[in-house]
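Quick note: the coordinates plus some simple rules give every number you see, no bench work behind them. In this text the structure is predicted, and so the values were computed from the model without any measurement. Note: ideal-geometry Cβ built from the backbone for every residue, glycine included; neighbour counts use all protein chains shown.
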Amino acid sequence: MRIVTKKGVEISVLFELFGHIAISFVPMAVPLSLLFAMIYTLNRLSEDSEIVAIRAMGVDKFKLLKPFLIIALFCAVSVFSLNRNLIPYSKRLFKNTVIALTSKGFLSDIKSEQFYTEIPDIILFAENVEDKGEVLNDVFIKISGANEEKVIMAKRGLLNKNKSGNSTALNLRLDLYDGNITTIKADDEIEKIIFEKYEFPIVSSSDNKFVNKESMKSNSALLSSIKLYEKKLKTVKNDQQKNNFLRGLYRARLEYWTRFNIPLQCFVFSLLGFVFGVKKGRGKAKNTSIKALMIVIFYYVLFFGGVSMAKKGKLDSRIAVFLPTMVVLVVGAKYYRDLDWQS
């Protein structure tokens, strides 16, 4: 919304962004939708005594459950197919579109004799700005880092936008001329460099924090990342690099196995919807929807707790992802077995 209000984005681009956001919620929404749709449907059938009529016809509970399982199978296959390539691509396209829009607005947001602070950890100032922000004169840039600070001063700066064949890929840099870079390090050591030309990167669409997130990779790319991390861990000796590779490996494994867990969720939540949707009598007192909701809350508490531990390497990613599903499956199977179909 900040981009929409400040950058003057067209309405068509806005709806495109909404579409990319919406499809990313499909994997989480579908299992829950199955659960609550089944509870609602079977509650209505119970209220209207349709379940009693079905029982009187000699229909067993599995025969009534079968159509719902077929729907769950269709949803599971659809979600898994979307999660293999389309959803990661949509997430990546969304991020890159935001980058492109932010960079497009960058050209017009820089004003003469005004501090520009929209780039994280960077303060930019120019005495004079020409050509809608593409040409800057008497430029001052301060970069704040964890262990050092840099101050760049230049007589002239030109914004340079390079786009690749991909319509969303964008690289934006500031070409600085006739200036100097002063670096103040943590131990108060000062380093000064004089340059004729210096290429200062502003935005890169290949930045890891945007396009290389695990959720933005296809299944095949995730597998390649896992193998690459495992290979690097065998050769790396630096502790910091090893920790970085381990964190990347844990995230990649979690994302990979989560995509296989979501289809299982569709079946497990359908089973829950069935056993808690069939009411044993009329009236709110007989409604078991609250019990189903409590089990779902328990599931997500267990799931996200396991994910948190798996990200730190304290729990195997497969256990973190599949254990909550198996626990809820056992609970659902118990209620299914205890469902009194004859009375």
Sort V52, V275, V129 so the one with the fewest other Cβ atoms within 10 Å of its own Cβ comes first. V52, V129, V275
Which trypsin sites (Lys or Arg not before Pro) does segment 228-278 hold that lie in a coil by DSSP with at most 16 other beta carbons within 10 Å? K237
Please compute the net charge surrounding L136, taking Lys and Arg as +1 and Asp and Glu as -1 over other residues with Cβ under 11 Å from its Cβ. -3
